[in-house]
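Asks: Sending over a structure as structure tokens; questions will come in a sec.
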Amino acid sequence: MDIRSLNHVSLLVRDVERSRQFYGQILGMEEIPRPATFSFPGAWLCKGSAIIHLVGETEPGRVDQLYSGTYNSDELSRGYGTHVAFEIEDLEASLHHLRLHNVEIVGGPRPRGDGVIQFYICDPDGYMLEFFAWQG
């Protein structure tokens, strides 16, 4: 098997509009078209090669049934759990931007041990997101 790249990450979300605003307005991702044949709510967003497929729950409480999102503070601070990681160019500018939007930094910034500095936040549904930048 020859895997060439990771194409996208799909996240089941409680409120597509709330998640669309978070990934679009706060993280700066751009919405791209999704197939018209999809009969469930959702949105696709991208930035560079990173693509997120937001899938809206059609049964209230379905996100809670499939994903608890209940990490303790130690797990969040270390990134110990399921997460999506984004490489960023400017760590300090990204931290500043997120703080301006009242997004809590739940872990880091700290050296990861392989030449990058990393930090963690959670999206509106509690999914853990890692951001990292190579040390220069």
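Asks: Scan the stretch 103-132 for residues that are of a type in the set (Phe, Trp, Tyr) and assigned to a strand (DSSP E or B) and jot them down.
Replies: Across the stretch 103-132, the qualifying residues are PHE119, TYR120, PHE131, PHE132.
Asks: Of all residues in the stretch 28-48, count the ones that are surrounded by fewer than 16 Cβ atoms within 10 Å (Cβ to Cβ) and either among the aromatic types (Phe, Trp, Tyr) or at pLDDT below 90 (or both). Break it down into steps so the answer makes sense when it comes.
Replies: Taking the stretch 28-48 first, the residues surrounded by fewer than 16 Cβ atoms within 10 Å (Cβ to Cβ) are 28, 30-41, 46-48.
From what is left, the residues that are either among the aromatic types (Phe, Trp, Tyr) or at pLDDT below 90 (or both) are 38, 40.
Total satisfying the criteria: 2.
Asks: Now for a separate question. Please work out which residue is nearest to the chain's Cα centre (by Cα), limiting yourself to the stretch 1-51 and to residues that are under 19 Å from LEU98 (Cβ atoms) and polar (S, T, N, Q).
Replies: My answer is SER19.
Asks: Could you list all residues from the stretch 49-82 that are within 30 Å of ARG4 (Cβ to Cβ) and open to solvent by less than 80 Å² (accessible area, probe 1.4 Å)?
Replies: ALA50, ILE51, ILE52, HIS53, LEU54, VAL55, GLY56, TYR67, GLY79, GLY81
Asks: Is it the case that some residue within the stretch 92-114 is open to solvent by 50 Å² or more (accessible area, probe 1.4 Å), at negative phi and polar (S, T, N, Q)?
Replies: No, that holds for no residue.
Asks: Moving to a separate point now. Scan the stretch 62-71 and give yes if some residue there is at pLDDT 95 or above and hydroxyl-bearing (Ser, Thr, Tyr), otherwise no.
Replies: The answer is no; no qualifying residue exists.
Asks: Also, quick follow-up: Kindly state which strands (runs of 3 or more DSSP E) lie completely within the stretch 1-102 and contain at least 1 residues that are more than 16 Å from ILE121 (Cα to Cα), in contact with a Cys (Cβ under 7 Å, 6 or more places away or on another chain) and among the β-branched types (Val, Ile, Thr).
Replies: Once the strands (runs of 3 or more DSSP E) in the stretch 1-102 are filtered for at least 1 residues that are more than 16 Å from ILE121 (Cα to Cα), in contact with a Cys (Cβ under 7 Å, 6 or more places away or on another chain) and among the β-branched types (Val, Ile, Thr), what remains is 30-32.
Here's the yes/no breakdown for (1) closer than 26 Å to ARG20 by Cβ; (2) aliphatic (A, V, I, L, M); (3) without any contact (Cβ under 8 Å) to a residue 60 or more places away in the chain:
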site	(1), (2), (3)
VAL55	yes, yes, yes
LEU76	yes, yes, yes
ALA93	yes, yes, yes
HIS96	yes, no, yes
ASN102	yes, no, yes
GLY107	yes, no, yes
ARG110	no, no, yes
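The values are calculated or read from the model by the stated rules, or taken from the named source; none is laboratory data. Computed from a predicted model, the values in this text were never measured in an experiment. Every residue, glycine among them, receives a Cβ derived from its backbone with ideal geometry; neighbour counts consider all protein chains shown. For accessibility, only protein heavy atoms count, side chains too; no ligands or nucleic acids. Shrake-Rupley method; radii C 1.70, N 1.55, O 1.52, S 1.80 Å.
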